[in-house]
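Chemist: Take this structure first; my questions come after.
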Amino acid sequence: MAAIKAHGSLISTATNRVLVTLYEKELEFEFVSVDMSTGEHKKDHFLSLNPFGQVPALEHGDLKLFESRAITKYVAYEYANKGTQLIHQDSKKMAITLVWMEVEAQQYDPVASKLVWELGIKPLVGMVTDKAIVEENEPKLAKVLDVYENRLAHSKYLGGDCFTLADLHHVPTLQYLLGTQSQKLFDSRPHVSAWVADITARPAWLKVQAMRNKH
Amino acid sequence: MATPVKVYGPPMSTAVSRVLACLYEKNVEFELISINMSKGEHKKPEFLKLQPFGQVPAFEDEGISIFESRAICRYVCDKYADKGNKGLYGTNPLAKASIDQWIEAEGQSFNPPSSTLVFQLAFAPRMNIKQDKVVIRQNEEKLSKVLDIYEKRLGEARFLAGDEFSLADLSHLPNTQYLVSGTDKGNLFTSRENVGRWWDEISSQDSWKKVVDLQKGT
């Protein structure tokens, strides 16, 4: 049986989104590091895996996939019977999960990613944070988190009673924002704060963080 | 006889029209409920119960209430798998994964620059909002880079996810329709041979023609 290969970079939130899913599903995989500092992601070899020249990409036998949220969905459905249940087979329950997966992709991530870049990644790679971008995006994230606070007051997880991809997709960006000035946005919202603490403490996520310590 | 599903929002909204195209493609009967956005109806408590971000569309079907156009489309395709275009969201897991990949590409790479251009060029003038030339130029450049990638892909396959028209192509219809028919940026699509050929094909789908008629009727 061909091995699953996950191509990407350990500082990339999208790569981490895929890695944590593979760990949640208790799947064996090989991590193939893509050296973005030398532009490896823009070279022909990698473009054959992801024509947008972005990380991550997944290979499994003949299957090649890009876009982290398409990869996680494929893995969650294909291995529905293994590891943590991350989706629902019931179409009504799955509909709600799909809604909050789109909320993460369309409402939360565009704003959170800007803050992650300025406050989380730029310091790591020796670049200077643009304070204007932080000031512009913190209020936007606050508005999104107000909606989350209401939702999580009525529902243990975003998709319903159970932890699903809808929650999991947030973990990599959340981790970056914890420990930055943006953490106050979570701390001041009790339901969001409890949810963040819960989902970032999961063993599968701790395994992804351990990968960063090794590489 | 099933109750028609309900879609809330104006058909001229790109996200609403994405859902309508999917419902027509799947032959699912719907009731379109008007939301008067110029009067701020979408920000009122009644509507916020259906869509907490105060955006259109919202959607109801047999006791469930959902939002986000791409989630609604996926739900419709899963629930009504045996209706209308059965292959719209793939008939096996690998096909579905490939379609999801290109729906994500649409949502993450195509939509941000194209929807900004649609707002600046098609909606801002109607709303007496001043256009931002810098924003237009920056997003035209971003969209061009994305369309270069699409040009290569559509030289390898007839449609984005393979040989058949899918939900991935459908997702692109709303923004592209505005840019090609309602602005001077249509050449971004028509000057690229494969992209132009793809646009002609996907915009000729009966389901999309019905949506365009609905948009013209309002």
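The values are calculated or read from the model by the stated rules, or taken from the named source; none is laboratory data. Please read these numbers as outputs of a predicted model, since none were measured by experiment. Cβ sites come from the backbone with ideal geometry, for glycine too, and all protein chains shown count toward neighbours. Just so you know, the surface numbers come from the protein's heavy atoms only, side chains and all, with ligands and any DNA or RNA stripped out. Shrake-Rupley method; radii C 1.70, N 1.55, O 1.52, S 1.80 Å.
Chemist: Classify region A:163-215: rounded, prolate or oblate, from the alpha-carbon gyration tensor (a ≥ b ≥ c, eigenvalue square roots; a/c under 1.5 rounded; otherwise prolate if a/b is larger than b/c)? Spell out each step's value before the answer.
Modeler: Numbers: a/c = 2.40, a/b = 1.39, b/c = 1.72.
Verdict is oblate for region A:163-215.
Chemist: Follow-up. Measure up B:79/B:216; A:156/B:43; A:143/B:142; A:114/A:184; B:39/B:216 against 23 Å on the Cα-Cα distance and list the ones that go over. If you can, show how the numbers build up before the last one.
Modeler: On the way: B:79/B:216 30 Å; A:156/B:43 26 Å; A:143/B:142 27 Å; A:114/A:184 17 Å; B:39/B:216 21 Å.
Check vs 23 Å cut-off fails for B:79/B:216; A:156/B:43; A:143/B:142.
Chemist: Using all Cα-Cα distances in chain A, what percent lands in each 10 angstrom bin from 0 up to the longest?
Modeler: Histogramming chain A at 10 Å steps yields 8, 33, 37, 19, 3, 0 percent.
Chemist: Mind checking which aspartates and glutamates have their Cα closer than 16 Å to the Cα of residue A:25? Skip sequence neighbours fewer than 8 apart in that chain.
Modeler: Residue A:25 reaches A:78, A:167.
Chemist: Taking square-rooted eigenvalues a ≥ b ≥ c of the alpha carbon gyration tensor, is the protein assembly as shown rounded, prolate or oblate, where a/c under 1.5 means rounded and, failing that, a/b exceeding b/c means prolate? Don't skip to the answer; put the middle values down first.
Modeler: Values: a/c = 1.29, a/b = 1.22, b/c = 1.06.
It comes out rounded by the Cα gyration axes.
Chemist: A follow-up question, please. Using only Cα atoms, locate the centre of region B:64-135 and the centre of region A:200-215, then give the distance between them in Å, rounded to an integer.
Modeler: Taking the Cα centre of region A:200-215 as reference, the centre of region B:64-135 is 33 Å away.
Chemist: Enter the mean number of other protein chain beta carbons within 10 Å of the beta carbon of each residue in A:93-103, as an integer. Present the calculation step by step, with values, prior to reporting the outcome.
Modeler: Values: counts 1, 5, 12, 5, 1, 9, 12, 3, 4, 10, 5.
For peptide A:93-103, the averaged partner shielding equals 6.
Chemist: Other chains near A:61-74: what is the mean number of their Cβ atoms within 10 Å of each residue's Cβ? Intermediate values should be presented prior to the final figure.
Modeler: On the way: counts 0, 1, 4, 2, 6, 4, 11, 2, 6, 10, 4, 1, 7, 7.
What the average comes to for A:61-74 is 5.
Chemist: If I ignore ligands, DNA and RNA and count only protein heavy atoms, how much of residue B:34 is accessible to a 1.4 Å probe, in Å² to the nearest 10?
Modeler: Estimated to the nearest 10 Å², residue B:34 gives 90 Å².
Chemist: Working from the pairwise distances between different alpha carbons, so that the mean of 1/r is found and then inverted, what is region B:1-95's Kirkwood radius in Å?
Modeler: On the way: mean 1/r = 0.0729 Å⁻¹.
Computed over Cα pairs of region B:1-95, the Kirkwood hydrodynamic radius comes out at 13.7 Å.
Chemist: If you roll a 1.4 angstrom probe over the protein chains with everything in place, what fraction of the accessible area of region B:163-218 belongs to carbon and sulfur, to the nearest %? Provide the component values of the computation, followed by the final result.
Modeler: Numbers: 1030 of 2470 Å².
C and S atoms contribute 42 percent here.
Chemist: With the Cα gyration tensor of chain B giving a ≥ b ≥ c as the square roots of its eigenvalues, does the rule (a/c under 1.5 for rounded; else a/b larger than b/c for prolate; else oblate) give rounded, prolate or oblate? Please report the intermediate quantities before stating the final value.
Modeler: Numbers: a/c = 1.83, a/b = 1.08, b/c = 1.69.
Since a/c reaches 1.5 but b/c is at least a/b, the shape of chain B is classed as oblate.
Chemist: Can you tell me the order of A:174-186, B:121-133, B:66-78 when each peptide is scored by its average per-residue count of other Cβ atoms within 10 angstrom, highest first?
Modeler: Working: A:174-186: 17.5, B:121-133: 12.0, B:66-78: 24.8.
Answer by packing, highest mean first, reads B:66-78, A:174-186, B:121-133.
Chemist: So what is the calculated 222 nm ellipticity per residue for chain B, using -39500 (n - 2.57) for each DSSP H run with n of 4 or more, over all residues, to the nearest 500 deg cm²/dmol? Could the numbers behind the result be given before it?
Modeler: Values: 10 runs with 115 residues, N = 218.
Taken over chain B, the calculation gives -16000 deg cm²/dmol.
Chemist: Here is a further query. Kindly compute the accessible surface that chains B and A hide from a 1.4 Å probe when together, both sides summed, and give it to the nearest 100 Å².
Modeler: Chains B and A together bury approximately 2600 Å².
Chemist: Moving to a separate point now. On average, how much accessible surface per residue is there in region B:1-134, in Å², for a 1.4 Å probe, leaving out ligands, DNA and RNA?
Modeler: Values: 5930 Å² over 134 residues.
That works out to 44 Å² per residue.
Chemist: Express in nm, to one decimal, how much length is gained between residue B:33 and residue B:78 on full extension, taking 0.36 nm for each residue of separation and deducting their alpha carbon distance. Mind dumping the intermediate values first?
Modeler: Values: separation 45, 0.36 × 45 = 16.20 nm, distance 2.31 nm.
So the extension gain works out to 13.9 nm.
Chemist: Something else: Quick check for you: with a 1.4 Å probe and neighbouring chains kept, what is the accessible area per residue of chain A, in Å²? Show your work: numbers first, answer last.
Modeler: Details: 9450 Å² over 215 residues.
Result: 44 Å² of accessible area for each residue.
Chemist: How much of the accessible area of region A:97-184, probe 1.4 Å, is carbon plus sulfur, in whole percent? Kindly include the intermediate steps, with their values, before the conclusion.
Modeler: On the way: 1950 of 3530 Å².
Carbon and sulfur atoms account for 55 percent of the accessible area of region A:97-184.
Chemist: Related question: Could you work out [θ]222 nm for chain A from helices alone, using -39500 (n - 2.57) per DSSP H run of at least four and dividing by all its residues? Round to the nearest 500 deg cm²/dmol. Intermediate values should be presented prior to the final figure.
Modeler: Details: 11 runs with 110 residues, N = 215.
After summing the helix terms and dividing by residue count, I get -15000 deg cm²/dmol.
Chemist: Please give the contour-minus-distance gain from residue B:48 to residue B:157: 0.36 nm per residue of separation, less the Cα-Cα distance, rounded to one decimal in nm. Numbers along the way, then the final one.
Modeler: Details: separation 109, 0.36 × 109 = 39.24 nm, distance 4.14 nm.
Taking residue B:48 through residue B:157 to full extension adds about 35.1 nm, to one decimal.
Chemist: Once both labels are modelled 7 Å past Cα along the beta-carbon direction, what's the residue A:45-residue B:183 spacing in nm?
Modeler: That separation, rounded to one decimal, is 3.9 nm.
Chemist: Tell me, in nm to one decimal, what length is gained between residue A:211 and residue A:121 on full extension, where the rule is 0.36 nm per residue of separation less the Cα-Cα distance?
Modeler: Numbers: separation 90, 0.36 × 90 = 32.40 nm, distance 1.71 nm.
Gain on stretching residue A:211 to residue A:121: 30.7 nm.
Chemist: With the full set of protein chains in place, find how many percent of the accessible area of region B:1-140 is carbon and sulfur; take the probe as 1.4 Å.
Modeler: Carbon and sulfur: 53 percent of the exposed surface of region B:1-140.
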